[in-house]
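Read-outs: derived from the displayed coordinates by stated rules, not from any lab. Note that the structure is a prediction, hence the values are computed from the model and not measured. So basically every Cβ, Gly included, is an ideal-geometry build from the backbone, and we count neighbours across all protein chains shown.
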């Protein structure tokens with residue numbers, strides 16, 4: 001399968017944060033995939049929450065699931081093994097190429113969460129695992145409105161992100177590569193508020209304490225589209 005190409009005209013039209021995120025993950029794709037070969041590591045509770053999400057979307061049978069910000073595709077593959085009809089979307093063409101090679105039986109394509117190339121109300125579920133952390137506050141409402149647009153009535157959304165108190169962190173180097181990547185650390189409550197304003201109903205929120213050398217808590221928010 002040939003490697004993906006992003007259209008220069010479309011890429012130029014993307015917001016600056018999308019272009020920066022794409023360039024950064026293109027630069028570090030191979031090292032990132034080696035550093036995180038599993039996606040969830042040994043985090044048992046994270047796996048349990050993802051399994052619960054898989055059970056919900058399987059039971060609803062409302063359509064396929066998009067893993068938005070799928071990276072090298074390891075979590076997409078986990079959902080696939082759990083019996084979920086899933087495909088991956090990532091802003092980085094290099095990440096998509098790695099995912100396609102590692103998981104040839106699963107569909108992956110290049111796309112931005114600000115403008116998903118998907119019809120309205122067609123997804124039974126949407127997973128965004130550590131991907132909205134690169135979205136600035138001013139763009140978060142549009143991203144969540146896009147998530148709501150593509151979710152079928154009653155479809156489920158699972159977000160996971162590292163928490164903070166609203167600070168922005170700029171990273172200029174990672175894995176020995178010069179990059180320009182911003183991280184936005186938010187509280188679970190603030191993100192839940194944005195989801196509610198987008199018309200999504202919060203079903204559950206879980207905050208897990210740092211583990212495995214991490215310094216930040218991880219928040220999981222489960223929401224549901226309008227019925």
**OP:** Starting from the Cα of residue 121, step 7 Å along the direction of its Cβ; do the same at residue 48; then give the gap between the two resulting points in nm.
**Re:** 3.6 nm
**OP:** Among DSSP beta bridges lying fully in the chain, give the percent that are antiparallel, nearest 5.
**Re:** 55 percent
**OP:** Determine the distance separating the Cα centre of segment 182-209 from the Cα centre of segment 102-179; give it in Å without decimals.
**Re:** 13 Å
Original post:
For 109, 134, what's the fewest-to-most ordering of other Cβ within 10 Å of each Cβ?
Top reply: 109, 134
**OP:** Taking the Cβ of each residue in 44, 206 as the centre, tally the other Cβ atoms inside 10 Å and list the residues starting with the fewest.
**Re:** 44, 206
Subject >> Potential lengthening between residue 183 and residue 145 on full extension [0.36 nm per residue; Cα-Cα distance subtracted] >> reply: 11.6 nm
**OP:** Could you line up 161, 87 from fewest to most neighbouring Cβ atoms inside 10 Å?
**Re:** 87, 161
Subject >> Gyration tensor verdict on segment 8-224 (Cα atoms; rounded if a/c is under 1.5, prolate if a/b is larger than b/c, oblate otherwise) >> reply: rounded
